[in-house]
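**Q** Take a look at the following structure, please.
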Amino acid sequence: MINKSGSINYNYIGLQALYERLGNDHPMKALIHSKVMSVKAGINGEAIIEGIFNKYAFPFEYNIMFDLNLSADGKFQIDALFISRHYILMLESKNIIGELSFEREPFCLRRKLESGHVDIFESPEVQLERNLNMLHRWLENRGIQIPLVGAIVLSSTKS
């Protein structure tokens, strides 16, 4: 059962409004456009996961929540949380196109596009581990002990 669907992304709305207000010759126009597209890709990736969960049911009680914002020693955002009585599964969605490589030194996600352009992103592994630790503390502060499992979901078919 889906208890919380994705919510309105005010960050996207604000970035889109800023992009539209900037003149075409503004030096930040390209950077803002890049940020708009990145946030939009994230929204689309989370929607893909939500669509998959809408198609399936499991033979046991469960709850699913999308786009959670919590705070435990700092704020953190969870793309999707699958909650059963036996464990909680945290899904970190990445909707990134191109050839992806998970680097170790330093931890990062490297993307190479067909054009040859290379981008470096925060490591989804590090992000997932940080969010799992913060969720563990959030649950612990409420007296809840349950196993936590995490997975990275590459939601684009062009990855």
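The values are calculated or read from the model by the stated rules, or taken from the named source; none is laboratory data. These figures come from a predicted structure and were not determined experimentally. Positions of Cβ are generated from backbone atoms using ideal geometry, with glycine treated the same way; all protein chains shown enter the neighbour counts.
**Q** Could you please give the count of residues in the range 54-70 that are outside any strand (DSSP E or B) and among the aliphatic types (A, V, I, L, M)? Lay out the reasoning, then the answer.
**A** Going residue by residue through the range 54-70, those that are outside any strand (DSSP E or B) are 54-61.
Filter once more, keeping what is among the aliphatic types (A, V, I, L, M): 57.
Number of matching residues: 1.
**Q** For the range 98-148, list the strands (runs of 3 or more DSSP E) that sit wholly inside it and hold at least 3 residues that are charged (D, E, K, R); which are they? Spell out the reasoning first.
**A** Values: elements: 99-104, 107-112, 118-122.
Fully inside the range 98-148 and qualifying: 99-104, 107-112.
**Q** Select from the range 56-100 the residues that are in contact with a Gly (Cβ under 6 Å, 6 or more places away or on another chain) and over 30 Å from E114 (Cβ atoms) and list them in ascending order. Outline the logic, then answer.
**A** As a first pass, look at the range 56-100 and keep what is in contact with a Gly (Cβ under 6 Å, 6 or more places away or on another chain): 66-67, 90, 93, 95.
F66, D67, M90 - these are the residues of the range 56-100 that are in contact with a Gly (Cβ under 6 Å, 6 or more places away or on another chain) and over 30 Å from E114 (Cβ atoms).
**Q** Restricted to the range 115-152, and to residues that are hydrophobic (A, V, I, L, M, F, W, C) and touching a helix residue (DSSP H, G or I) at 6+ places or on another chain (Cβ under 6 Å), which residue is nearest to I96 (Cα to Cα)?
**A** Taking the range 115-152 and keeping what is hydrophobic (A, V, I, L, M, F, W, C), we get 118, 120-121, 126, 128, 132, 134-135, 138-139, 144, 146, 148-149, 151-152.
Filter once more, keeping what is touching a helix residue (DSSP H, G or I) at 6+ places or on another chain (Cβ under 6 Å): 148, 152.
Numbers: L148: 25, I152: 12 Å.
If we take residues in the range 115-152 being hydrophobic (A, V, I, L, M, F, W, C) and touching a helix residue (DSSP H, G or I) at 6+ places or on another chain (Cβ under 6 Å), then I152 is nearest to I96 (Cα to Cα).
**Q** Next question. What about N44, is it surrounded by 11 or more Cβ atoms within 10 Å (Cβ to Cβ), part of a strand (DSSP E or B), in contact (Cβ under 8 Å) with a residue 40 or more places away in the chain and out of contact with any helix residue (DSSP H, G or I) (no Cβ under 9 Å at 6 or more places or on another chain)?
**A** Judged against the criteria, N44 is not a match.
**Q** Another question, then. Among (1) farther than 23 Å from T157 by Cα; (2) without any contact (Cβ under 8 Å) to a residue 40 or more places away in the chain; (3) crowded, with 17+ Cβ neighbours inside 10 Å, there is one condition R104 misses while meeting the rest; what is its number?
**A** Going through (1) farther than 23 Å from T157 by Cα; (2) without any contact (Cβ under 8 Å) to a residue 40 or more places away in the chain; (3) crowded, with 17+ Cβ neighbours inside 10 Å one by one, R104 breaks only (3).
**Q** While we're looking at this one, here's another question. With the condition kept exactly as written, say whether any residue in the range 117-135 is under 23 Å from K35 (Cα atoms), among the charged types (D, E, K, R) and touching a Lys or Arg at 6+ places or on another chain (Cβ under 6 Å). Step through it out loud before you land on a result.
**A** Looking only at the range 117-135, we keep the residues that are under 23 Å from K35 (Cα atoms), and these are 117-128, 130-131.
Now drop any that are not among the charged types (D, E, K, R), which leaves 119, 122, 125, 130.
Of the ones still in play, those that are also touching a Lys or Arg at 6+ places or on another chain (Cβ under 6 Å) are 119.
The answer is yes, given that some residue of the range 117-135 is under 23 Å from K35 (Cα atoms), among the charged types (D, E, K, R) and touching a Lys or Arg at 6+ places or on another chain (Cβ under 6 Å).
**Q** Next up: Given the structure, is I97 modelled with pLDDT of 85 or more and either under 18 Å from the mean Cα position of the chain (by Cα) or surrounded by fewer than 11 Cβ atoms within 10 Å (Cβ to Cβ) (or both)?
**A** Working: modelled with pLDDT of 85 or more: no; either under 18 Å from the mean Cα position of the chain (by Cα) or surrounded by fewer than 11 Cβ atoms within 10 Å (Cβ to Cβ) (or both): yes.
For I97, the condition - modelled with pLDDT of 85 or more and either under 18 Å from the mean Cα position of the chain (by Cα) or surrounded by fewer than 11 Cβ atoms within 10 Å (Cβ to Cβ) (or both) - is not met.
**Q** Quick check on the range 28-44. Is at least one of its residues at pLDDT 85 or above, of a type in the set (D, E, K, R), more than 16 Å from I152 (Cα to Cα) and more than 17 Å from the chain's Cα centre (by Cα)?
**A** Within the range 28-44 (the criterion being at pLDDT 85 or above, of a type in the set (D, E, K, R), more than 16 Å from I152 (Cα to Cα) and more than 17 Å from the chain's Cα centre (by Cα)), the answer is no, since none of the residues qualifies.
**Q** Also, quick follow-up: Just checking, how many residues over the range 15-41 are assigned to a helix (DSSP H, G or I) and more than 24 Å from D119 (Cα to Cα)? Even if it seems obvious, please write down each step before you answer.
**A** As a first pass, look at the range 15-41 and keep what is assigned to a helix (DSSP H, G or I): 15-21, 29-41.
Remaining after also requiring more than 24 Å from D119 (Cα to Cα): 17, 20-21.
Total meeting the criteria: 3.
**Q** Follow-up question, since we're still on this one. If only one of D79, D73 is part of a strand (DSSP E or B) and modelled with pLDDT under 90, which one is it?
**A** On the way: D73 fails: part of a strand (DSSP E or B).
After ruling out the rest, the residue left standing is D79.
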